[in-house]
Amino acid sequence: MSSSSATSGMNSSTSPRSPTRLTATSSEHVSMAFIKRCLTPKATWTHKEEFLDAVYWLRQVVSIIIGIIVGILSVKGFLGIITFGIISSLIVFIYATNFQNVDPEEYGGIVEIIKEGFMTAFATFLVSWIVLYSAFHAPESSLPTI
């Protein structure tokens, strides 16, 4: 190991190869540009990961919305899980094929796009569903008293 690589490992902020850190304003600019691209129909995606990030965050937002609706409507059991799976997958499919008009084969097929972020979105859905269901439909005897 050379002394330059050992030094750069200990103090990466002075290394000429380390990526520059984003300031708050440039970070906000990047995120706003990303959001704008996500909401633009048939946007140009320069990197595969950018589009998959858009799918991931879309699925997160959709999972919260579905969890809120299913929790307020007092849906129980497997019906709620099936509802989430079908609706979120359908929204991602429509977003990728119709709204963004991407070629699924560039991303490993439509199944790979639909699977992107599914399990983390499922966990988000479960939390929002359980919290809302418990808040609106829990029997008074099971609520803790202070």
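Throughout, read-outs are computed from the coordinates displayed, never taken from laboratory work. Note that this is a predicted model, so its numbers are computed, not measured. Quick reminder, even Gly has a Cβ in these numbers, built from the backbone with ideal geometry, and neighbours come from all protein chains shown.
Results for (1) in a helix (DSSP H, G or I); (2) touching a residue at least 40 places away in the same chain (Cβ under 8 Å); (3) of a type in the set (A, V, I, L, M, F, W, C), shown as yes or no for each residue.
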residue: M32; (1), (2), (3): yes, no, yes
residue: K36; (1), (2), (3): yes, no, no
residue: T46; (1), (2), (3): no, no, no
residue: L52; (1), (2), (3): yes, yes, yes
residue: R59; (1), (2), (3): yes, yes, no
residue: I66; (1), (2), (3): yes, yes, yes
residue: S74; (1), (2), (3): no, yes, no
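Take Q60 and tell me if it is more than 15 Å from the chain's Cα centre (by Cα) and surrounded by 13 or more Cβ atoms within 10 Å (Cβ to Cβ).
When the stated conditions are applied, Q60 does not pass them.
Mind listing whichever residues of the stretch 94-114 are assigned to a helix (DSSP H, G or I) and either touching a residue at least 40 places away in the same chain (Cβ under 8 Å) or under 20 Å from F78 (Cα atoms) (or both)? Even if it seems obvious, please write down each step before you answer.
Within the stretch 94-114, the subset assigned to a helix (DSSP H, G or I) is 94-99, 104-107, 110-114.
Correct list: Y95, A96, F99, E106, Y107, I113.
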